[in-house]
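The values are calculated or read from the model by the stated rules, or taken from the named source; none is laboratory data. Because the structure is predicted, anything quoted here is derived from the model rather than measured. Heads up, the Cβs are rebuilt from the backbone with ideal geometry, glycines too, and the neighbour counts pull from every protein chain shown.
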Amino acid sequence: MSHFDVAEVRSRFPILQQEVNGQPLVYLDNAATTQKPESVIEAIANYYRHDNANVHRGAHALSDRATEVFEGAREKVAQFIGAPSKDQILWTRGTTESINVVAASWGEQNLTAGDRVLVSAMEHHANIVPWQMIAQKRGANVEPIPVDADGAIDMAAFESLLDERVKMVAVGHVSNALGSVNPVAHIIELAHKAGAKVLIDAAQSIAHWPVNMVELGCDFYAFSAHKMFGPTGMGVLYGKRELLEAMQPYQGGGEMIESVSFAGTTYNQLPYKFEAGTPNIAGAVGLAAAVDFVQGLDRSAADRHEAELLHRARAELAAIGGYPLVGKAESAVAVLSFVSDFAHPQDIGMILDQQGIAVRTGNHCAQPIMDQFGIPGTVRASFSLYNTHDDVDRLIAGLKKAKMFLA
Amino acid sequence: MTEFGVDVSAEDIVDTLSFFDDWEERYKYIIDLGKELPPLAESAKTEQNLVRGCQSQVWLDSQLREGKLYFVADSDAFIVKGLLAIVLAAYNGKSAAQVADYDIDAYFDELNLLSHLSSTRGNGLKAMVQRIQNEGRAAL
């Protein structure tokens, strides 16, 4: 088993080398956004220093170079997720926009009155609201797949919900609020057997494991660059070719057309028909650098490192007492979501912040699951591969202090 | 209703907080101030009195008596409740004109708590201050 050199990886993240409130920063808000390695920051800066121009248009050297890095990034992402072709990689602003593209474009053509869209009860609002918007327009219904008390999808209940009216099943690979890992391969298999399409929200999982679109077999796959060490404002939508071909464009504008006249307009081919306007070229460059960063790691060693952190943090949190875990699914990424017996999550977050420890508190844009558990929100400490055992110690010490203060 | 901040003035709070030199003492004091806030009756925790914050819930009730405004506030989070007490100390028992004109930013700056007033903190404090100011203007 190879050793994961966390100190070396950590040293590549300049932002982590700072003090907050007089103490070394402990950054445990990675489920909200990960920090960026020097290589990503440099790639974006270098693009603007040397290659910046608009893509696919200019008859000049800079435009050629910009187009090359931009399309090179698409090719790299296609390989990264095992997509059959780079034409099936659409650039978006993030996971949220990716889901909105599918809901609006695919939903408009494929949902009719009485159709059903299933989403898990612990989805992020970004994988609920776009479906509600199109469902309302088309007379369809959005229904929750039940989640049990541990924060795992109730697969038996899911199976019994499936019938011929279910046209779409949209689930997260990993819950942002609880860290639960959902059995997406099984979900895809059951949904396809029932004739439904499947969208996987990979925002919280993309940084964790290698994936392969052909093996996974999902119809749509959405993720954001900024949760995998890349820039904000950049996202990916993968789709099966025949589905993307049949879908109408999401927005109109330049780049997405083949020819325009007042008699009628014809659309460009994939992926450009979904990319109206000047795209986020620097974002694509940054995402490509993030893919290089991730692929340069021993991913299974990184995964073991994170699992160790979670294991220790869970045990030590339980030892303090008064901080019940929310979400205890057996299969989970390194997310510690908990409440306290003696104070509001926000109190805990504020006391941790004073100690230089960054966590998220609140409902994590997943209100339905918070309502199900009867809590206003949780404290969420989410780890990434650059977090250390020392970070766990600081969190635990911080929580002991918060208990002393507030209990 | 009984109000907080008639006996404890904003000046008292500024004096006391400036006396502490570490965050732990400051936060203990803020939490203690919150504990002194008279509880808001459950019947006053109405939708109308709810101040929309992102995370914790904040309620604000007010009365105009003999030309002076009186506020009662509550929150389900301790530290936010302490911050509410600090805000009420500045406003309670003042005339509408005093409430409308009061420079809360300067007060929070003096307390070195300005970051808590930022709208990005999502603690509902900014929204509560705005509501108090609006009531001051409405009562002019």
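Please pick out the residue among A:83, A:31 that is in contact with a strand residue (DSSP E or B) (Cβ under 7 Å, 6 or more places away or on another chain), surrounded by 15 or more Cβ atoms within 10 Å (Cβ to Cβ) and farther than 22 Å from residue A:393 by Cα. Show your work before the answer.
Numbers: A:31 fails: farther than 22 Å from residue A:393 by Cα.
Residue meeting the stated conditions: A:83.
Let's see how each residue does on (1) touching a residue at least 12 places away in the same chain (Cβ under 8 Å); (2) touching a Pro at 6+ places or on another chain (Cβ under 7 Å):
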site	(1), (2)
A:316	yes, no
A:319	no, no
A:324	yes, no
A:337	yes, no
A:348	yes, no
A:356	yes, yes
A:359	yes, no
A:368	yes, yes
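Could you list, in sequence order, the residues of the range A:336-380 that are within 21 Å of residue A:23 (Cα to Cα), of a type in the set (A, V, I, L, M) and part of a helix (DSSP H, G or I)? Full working, then the answer.
Of the residues in the range A:336-380, the ones within 21 Å of residue A:23 (Cα to Cα) are A:346-361, A:379-380.
Within this subset, residues satisfying the condition of being of a type in the set (A, V, I, L, M) are A:348, A:350-352, A:357-359, A:379.
Within the range A:336-380, A:348, A:350, A:351, A:352 meet the criteria.
Would you please name the residue that is nearest to residue B:90 (Cα to Cα), looking only at residues in the range B:14-33 that are crowded, with 18+ Cβ neighbours inside 10 Å and facing chain A (nearest Cβ under 10 Å)? Show your work before the answer.
Taking the range B:14-33 first, the residues crowded, with 18+ Cβ neighbours inside 10 Å are B:17, B:26-27, B:30-31, B:33.
Still in the running and facing chain A (nearest Cβ under 10 Å): B:26-27, B:30-31.
Values: B:26: 18, B:27: 19, B:30: 15, B:31: 17 Å.
Per the stated criteria, the residue is B:30.
What number of residues within the range A:251-277 are touching a Lys or Arg at 6+ places or on another chain (Cβ under 9 Å) and either closer than 13 Å to residue A:92 by Cα or surrounded by 18 or more Cβ atoms within 10 Å (Cβ to Cβ) (or both)? Before you say what the answer is, go through the steps one by one.
Taking the range A:251-277 first, the residues touching a Lys or Arg at 6+ places or on another chain (Cβ under 9 Å) are A:254-258, A:267, A:270-271.
Filter once more, so that each one left must be either closer than 13 Å to residue A:92 by Cα or surrounded by 18 or more Cβ atoms within 10 Å (Cβ to Cβ) (or both): A:256, A:270-271.
Qualifying residue count for the region: 3.
Report the residue count in the range A:362-382 for those that are in contact with a Lys or Arg (Cβ under 7 Å, 6 or more places away or on another chain) and closer than 22 Å to residue B:31 by Cα.
Matching residues across the range A:362-382 total 0.
Condition check ((1) under 22 Å from the mean Cα position of the chain (by Cα); (2) acidic (Asp, Glu)) across all residues:
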position: A:297; (1), (2): yes, no
position: A:324; (1), (2): no, no
position: A:332; (1), (2): yes, no
position: A:347; (1), (2): no, yes
position: A:352; (1), (2): no, no
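Which of the strands (runs of 3 or more DSSP E) found entirely inside the range A:101-206 contain at least 1 residues meeting this: charged (D, E, K, R) and under 25 Å from residue A:273 (Cβ atoms)?
The strands (runs of 3 or more DSSP E) meeting that bar are A:166-172, A:197-201.
Are there any pairs with C-beta distances below 8 angstrom linking a residue in the range B:44-66 that is away from every other protein chain (no Cβ under 14 Å) and part of a helix (DSSP H, G or I) to a residue that is buried (at least 18 other Cβ atoms within 10 Å of the Cβ) and not acidic (Asp, Glu), with the two at least 6 apart or on different chains, and if so which?
B:44/B:59; B:44/B:72
Being part of a loop (DSSP other than H, G, I, E, B) and either at the interface with another protein chain (Cβ under 8 Å from one of its Cβ atoms) or of a type outside the set (Val, Ile, Thr) (or both) is the filter here, so list the residues in the range A:326-335 that pass it. Before you say what the answer is, go through the steps one by one.
First pass over the range A:326-335, keeping only residues part of a loop (DSSP other than H, G, I, E, B): A:326-331, A:333-334.
Correct list: A:327, A:328, A:329, A:330, A:331, A:334.
Quick grid of which residues meet (1) touching a Ser or Thr at 6+ places or on another chain (Cβ under 8 Å); (2) crowded, with 22+ Cβ neighbours inside 10 Å; (3) assigned to a loop (DSSP other than H, G, I, E, B); (4) of a type in the set (D, E, K, R):
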{"site": "A:45", "(1), (2), (3), (4)": "no, no, no, no"}
{"site": "A:59", "(1), (2), (3), (4)": "no, no, yes, no"}
{"site": "A:73", "(1), (2), (3), (4)": "no, yes, no, no"}
{"site": "A:99", "(1), (2), (3), (4)": "no, yes, no, no"}
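Please indicate, with yes or no, whether at least one residue in the range A:299-311 is surrounded by fewer than 24 Cβ atoms within 10 Å (Cβ to Cβ), within 12 Å of chain B (Cβ to nearest Cβ) and over 25 Å from residue B:31 (Cα atoms).
Checking the range A:299-311: not a single residue is surrounded by fewer than 24 Cβ atoms within 10 Å (Cβ to Cβ), within 12 Å of chain B (Cβ to nearest Cβ) and over 25 Å from residue B:31 (Cα atoms).
Return the only residue of A:69, A:119, A:55 being within 30 Å of residue A:178 (Cα to Cα) and either β-branched (Val, Ile, Thr) or surrounded by fewer than 16 Cβ atoms within 10 Å (Cβ to Cβ) (or both). Quick ask: steps written out before the conclusion?
Details: A:69 fails: within 30 Å of residue A:178 (Cα to Cα); A:55 fails: within 30 Å of residue A:178 (Cα to Cα).
Within the list A:69, A:119, A:55, the selection yields A:119.
Could you please tell me which pairs satisfy a Cβ distance under 8 Å, a separation of 6+ or placement on different chains, a first residue in the range B:72-101 that is within 14 Å of chain A (Cβ to nearest Cβ) and surrounded by fewer than 22 Cβ atoms within 10 Å (Cβ to Cβ), and a second residue that is at pLDDT 90 or above and not in a helix (DSSP H, G or I)?
Final answer for the pair search is B:76/A:344.
Taking into account only those residues within the range A:58-106 that are acidic (Asp, Glu) and touching a residue at least 12 places away in the same chain (Cβ under 8 Å), which is farthest from residue A:200 (Cα to Cα)? Explain how you work it out, then say what you get.
Let us first name the residues in the range A:58-106 that are acidic (Asp, Glu), namely A:64, A:68, A:71, A:75, A:87, A:97.
Applying the additional criterion that residues be touching a residue at least 12 places away in the same chain (Cβ under 8 Å) yields A:71, A:87, A:97.
Numbers: A:71: 24, A:87: 19, A:97: 14 Å.
Only one residue tops the list, namely A:71.
With a cut-off of at least 3 residues that are modelled with pLDDT of 90 or more and over 17 Å from residue B:60 (Cβ atoms), name the helices (runs of 4 or more DSSP H) lying wholly within the range B:82-130.
Details: elements: B:96-101, B:104-110, B:114-117.
Of the helices (runs of 4 or more DSSP H) lying wholly inside the range B:82-130, those with at least 3 residues that are modelled with pLDDT of 90 or more and over 17 Å from residue B:60 (Cβ atoms) span B:96-101.
Consider the range A:352-386. How many of its residues are among the aliphatic types (A, V, I, L, M) and either modelled with pLDDT of 95 or more or in the same structural domain as residue A:175 (by TED's automatic domain parsing) (or both)?
Just the residues of the range A:352-386 that are among the aliphatic types (A, V, I, L, M), to begin with: A:352, A:357-359, A:366, A:369-370, A:375, A:379, A:381, A:385.
So of that shortlist, the ones also either modelled with pLDDT of 95 or more or in the same structural domain as residue A:175 (by TED's automatic domain parsing) (or both) come out as A:352, A:357-359, A:379, A:381, A:385.
Summing the residues that are among the aliphatic types (A, V, I, L, M) and either modelled with pLDDT of 95 or more or in the same structural domain as residue A:175 (by TED's automatic domain parsing) (or both) in the range A:352-386 gives 7.
Looking only at the range A:351-377, which residues are within 9 Å of chain B (Cβ to nearest Cβ) and surrounded by fewer than 24 Cβ atoms within 10 Å (Cβ to Cβ)?
Taking the range A:351-377 first, the residues within 9 Å of chain B (Cβ to nearest Cβ) are A:351, A:354-355, A:361-363, A:376-377.
Listed by number, the residues that qualify are A:354, A:355, A:362, A:363, A:376.
Being touching a residue at least 12 places away in the same chain (Cβ under 8 Å), out of contact with any Pro (no Cβ under 6 Å at 6 or more places or on another chain) and surrounded by fewer than 16 Cβ atoms within 10 Å (Cβ to Cβ) is the requirement here; does residue A:133 meet it?
yes
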